[in-house]
1. Do any strands (runs of 3 or more DSSP E) lying entirely in region 228-291 carry at least 2 residues that are among the charged types (D, E, K, R) and crowded, with 17+ Cβ neighbours inside 10 Å, and which ones are they?
2. Going through 142, 97 one at a time, which residue ends up being crowded, with 20+ Cβ neighbours inside 10 Å and of a type in the set (A, V, I, L, M, F, W, C)?
3. For region 111-135, give me each residue that is among the aliphatic types (A, V, I, L, M) and either assigned to a strand (DSSP E or B) or over 13 Å from residue 175 (Cβ atoms) (or both).
4. Condition test on residue 374, is it of a type in the set (Gly, Ala, Ser), touching a residue at least 24 places away in the same chain (Cβ under 8 Å) and part of a strand (DSSP E or B)?
5. Can you name the number of the only condition in (1) assigned to a helix (DSSP H, G or I); (2) at pLDDT below 95; (3) not aliphatic (A, V, I, L, M) that residue 350 fails?
6. Among residues belonging to region 292-326 that are crowded, with 20+ Cβ neighbours inside 10 Å and not hydrophobic (A, V, I, L, M, F, W, C), point out the one that is nearest to residue 388 (Cα to Cα).
7. I'm checking my understanding of the structure. Among residues of region 402-450 that are in contact with a strand residue (DSSP E or B) (Cβ under 6 Å, 6 or more places away or on another chain), basic (Lys, Arg) and outside any loop (DSSP other than H, G, I, E, B), which one is nearest to residue 297 (Cα to Cα)?
8. Which residue is surrounded by the most Cβ atoms within 10 Å (Cβ to Cβ), if the candidates are limited to region 9-23 and must be assigned to a loop (DSSP other than H, G, I, E, B) and not charged (D, E, K, R)?
Amino acid sequence: MAKKKANVVYKCSNCGFTQPRWLGRCPECGEWNTLEEHIEDAGASSLPYGRIPASSERITPIPLSSVDPMECERISTGNTEFDRVLGGGATKRSAILIGGEPGIGKSTLLLQTASSVQSGGRVLYISGEESASQIRARADRLKINLENIDILCTLRLDDIDNALNSLNPMCVIVDSIQTVYSAEAGIVPGTVNQLKFCSNELISWVKERDSVLFLSAHVTKDGVIAGPKSLEHMVDTVISFERNSDDVRFLRAQKNRFGSVDELGIFSMTEAGLLPVEDPSAMFITQREGKLPAGIAIVPVFEGSRVFMVEIQALTVPAKASIARVFSEKIESARVSRVAAVLEKKSGLKLSEYDLYVNVAGGVRLNESAIDLALAAALYSARTDLPCPESTALAGEISLAGEIRPVSRLKQRVKTAQSLGFNRVLAPERSAETVFVSDIKSLIKELFAK
């Protein structure tokens, strides 16, 4: 029997509805300009993407108790900070998605990983945005070891499949996934169908072998991975690449099936590429020669398994409009407003008529509740123009009743603070190493009574 020719249909990128001709509006979901050209095999089954099962063998369930609980084997990337964020290294048969704004250093990090990854096999670096000569020039500039690295510059998924099957690499790097396309999913790269189809093909190949897949992805102007978010549920690990105003880069896991999402990797962008920061514990504290100015408070925060001493900066100015505003990027504005409201209620200090500006030295984002105490101290200090005492750190959560609640792993926070010269730590716990504070009033008394 002769094989039927492929048909061109138009598929809605929003709901998946297909029809034989293009329309401006999808008849199923009503969205405009979502019908995209899609090549469909007329003889294919109704499975997703027109795929036919490779085997007719029937899959049956097995008892979970009979499954071998073999620990997942990991591959070191050769970078201590990258390994820390991944949970101890890249897990074999896993897919890792790295997202970040243009120019932040994704390609540099992946090229350094290709050079230093301890996989024991070949590394295939697939580039859809740069030529082989551009990548070689960057590798020479960074003095990267080029052994065991194969380069493939293409946009076509078929070329990538052929290279994977012929080389059988232990590590596969795709930079970036938005540039890869397949004729089976349409003719325009970067669409949602293309992203899902091409990623599914690459992830399926890796899952069947002891390989690791790294995918770099573009982000939208809001800072989230473009797609929209169509790849995050398909991969095993989602990594966010961020930067502050300096040459410091932050690597944080938003999803990790094989480790914690609380670890923070800190890099410095230099002429030699991305280098791990040697002493991250003290990098978020401003080095001053004089006295501590008003509006500054220090807090020990946990990022994964490490403690960092972080400087919170606050500024209060009379509101120019009838409504006071909160300007805070690194700490949630809702948290700043809540702490300011409790501080005003319990201390009688007017803050509702002032614009509040809050910043974090070093550009790191703070999310944990242990920063409430330092945030309240910084706001009170800025409003009254009274500086906090020297060598004092604060850690505690503030309730709506003005009480200060305990925080987790306080002993480790106190130990790190003392090792960096902070001899007084205010916290809601009675011990020889801490100064006990129970509520907002006791906090103000301990800090500003003199």
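The values are calculated or read from the model by the stated rules, or taken from the named source; none is laboratory data. For clarity, every value in this text was computed on a predicted model and none was experimentally measured. Quick reminder, even Gly has a Cβ in these numbers, built from the backbone with ideal geometry, and neighbours come from all protein chains shown.
1. Passing ranges, in order: 237-243, 248-256.
2. 97
3. Taking region 111-135 first, the residues among the aliphatic types (A, V, I, L, M) are 111, 114, 117, 123-124, 126, 132, 135.
Once the filter is applied, which keeps residues that are among the aliphatic types (A, V, I, L, M) and either assigned to a strand (DSSP E or B) or over 13 Å from residue 175 (Cβ atoms) (or both), region 111-135 yields 117, 123, 124, 126.
4. no
5. Going through (1) assigned to a helix (DSSP H, G or I); (2) at pLDDT below 95; (3) not aliphatic (A, V, I, L, M) one by one, residue 350 breaks only (1).
6. Per the stated criteria, the residue is 295.
7. Within region 402-450, the match that is nearest to residue 297 (Cα to Cα) is 424.
8. The residue in question is 13.
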